[in-house]
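In what follows, a single structure is set out as structure tokens and then discussed.
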Amino acid sequence: MSTQASDAAIATEHLTKRYGERLAVDALTLTVQRGEVFGFLGPNGAGKTTTLAMLLGLVRPSAGRAVVLGVDVAANPVTALARVGAMIEAPAFYPYLSGYDNLRVLCRAGGIAEPRIAEVLEVVEMTSRARERVRVYSQGMKQRLALAATLLPDPELILLDEPTNGLDPAGTAEIRQLIRSLAARGRTIFLCSHQLHEVEQVCERVAILKAGRLLAEGQVAALLQRDQRLRVRIEGDASEAIALLKALPWVTGVETAADHLIVVTPTSRAAELNAYLAASGVPVAELAPDAGSLEDFFLEVTGAP
Ligand SMILES: Nc1ncnc2c1ncn2[C@@H]1O[C@H](COP(=O)(O)OP(=O)(O)OP(=O)(O)O)[C@@H](O)[C@H]1O
């Protein structure tokens, strides 16, 4: 194992899971650095849950391996997972007990000292509602309590599978804020989600999986080439502008969108491009970096409709 892999929060090497003929995860090699918020994306059936299950030692890989916080999961599951917390399914709490008492049950089962409960309730901002029965909690409050339960043993690495499932926009924003605050406290977050907009807002890096295979991995900004695309709006007919732009050696592409052009060029060229078009008699009505969305990129690489 390389030094880089042993320092990483998660390092998988050719991690593979085969169910009979079906390759659920196909030689996945992935590194998540400590302290990162990493997004793990893919359409239904891509292999995300199977990967999570292998990271948690719940499913045995057919080949390859998973190293979590420097420890091989298959060889030393107890050591590897001691500092890992996971929120995988909709949480099951006792509805007739308070949030606090539910956490107390978990503390007893896990040998965790009770003062820790107040700390995690504070983190998820549930202190004021902790004495109420879970039965009266909203979905968002239940999710926050689930996150509090995940945080009880003070995990260094937190795996979250669709943590905002079933939440309204306000609940989603709260969880997003929580993820940010956990990252600010130095935790590593591995976030599986279909909510591309959400992933884009909290993750520095993402990996996109389809049919078990890694299609793309990298910094969100780099994948979206945010520094490489300018959005240019020309009043009226744009054909002359297109011809002029295509003639420039530092423009590598011009795409026509609904009411504007996307010019593939370093965004640092914006002023130069503006001056060039104006000098050629084509005034520019609007010029801005093009913020492509992760959703567009996702659909592009996964080939979804
Ligand atoms: N226990 C199993 N036995 C057989 N096939 C399985 C098993 N678990 C998963 N699969 C198959 O492996 C593939 C990957 O499934 P997985 O649940 O990991 O995908 P996913 O990305 O989590 O999808 P979703 O977003 O729908 O949860 C799918 O084709 C699935 O049918």
| Scanning for something closer than 20 Å to residue 294 by Cα and away from the ligand (no atom under 16 Å from the Cβ), does the range 231-251 turn up at least one residue? | yes
In the range 96-113, residues that are modelled with pLDDT under 95 and part of a loop (DSSP other than H, G, I, E, B) total 3
Checked 233, 176 against criteria (closer than 27 Å to residue 44 by Cβ, of a type in the set (Lys, Arg), in contact with an Asp or Glu (Cβ under 8 Å, 6 or more places away or on another chain) and not in a loop (DSSP other than H, G, I, E, B)); the one match is 176
Taking the range 47-65 and the residues there that are buried (at least 23 other Cβ atoms within 10 Å of the Cβ) and among the hydrophobic types (A, V, I, L, M, F, W, C), the one that is nearest to the ligand (Cβ to nearest atom) would be 54
Picked from the range 17-41 (must be surrounded by fewer than 20 Cβ atoms within 10 Å (Cβ to Cβ) and among the polar types (S, T, N, Q)), the residue nearest to the ligand (Cβ to nearest atom) is 29
Using the structure shown, decide if residue 159 is at pLDDT 90 or above and over 18 Å from the mean Cα position of the chain (by Cα). no
Checked the range 258-305 for anything farther than 23 Å from residue 202 by Cα, among the hydroxyl-bearing types (Ser, Thr, Tyr) and in a helix (DSSP H, G or I); matches are 267, 268, 276
Task: Some residue of the range 200-219 being touching an Asp or Glu at 6+ places or on another chain (Cβ under 7 Å), in the same structural domain as residue 180 (by TED's automatic domain parsing), free of Cβ contacts under 8 Å to residues at least 24 places away in the same chain and of a type outside the set (A, V, I, L, M) - done: yes
Those residues of the range 183-208 which are modelled with pLDDT of 90 or more and more than 11 Å from the chain's Cα centre (by Cα) amount to 183, 184, 186, 187, 188
Counting only residues that are within 30 Å of the chain's Cα centre (by Cα) and of a type in the set (D, E, K, R), the range 218-260 contains a total of 5
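The values are calculated or read from the model by the stated rules, or taken from the named source; none is laboratory data. Please read all numbers here as calculations on a predicted model, not as lab measurements. We place every Cβ from the backbone using ideal geometry, glycine too, and count neighbours over all the protein chains shown.
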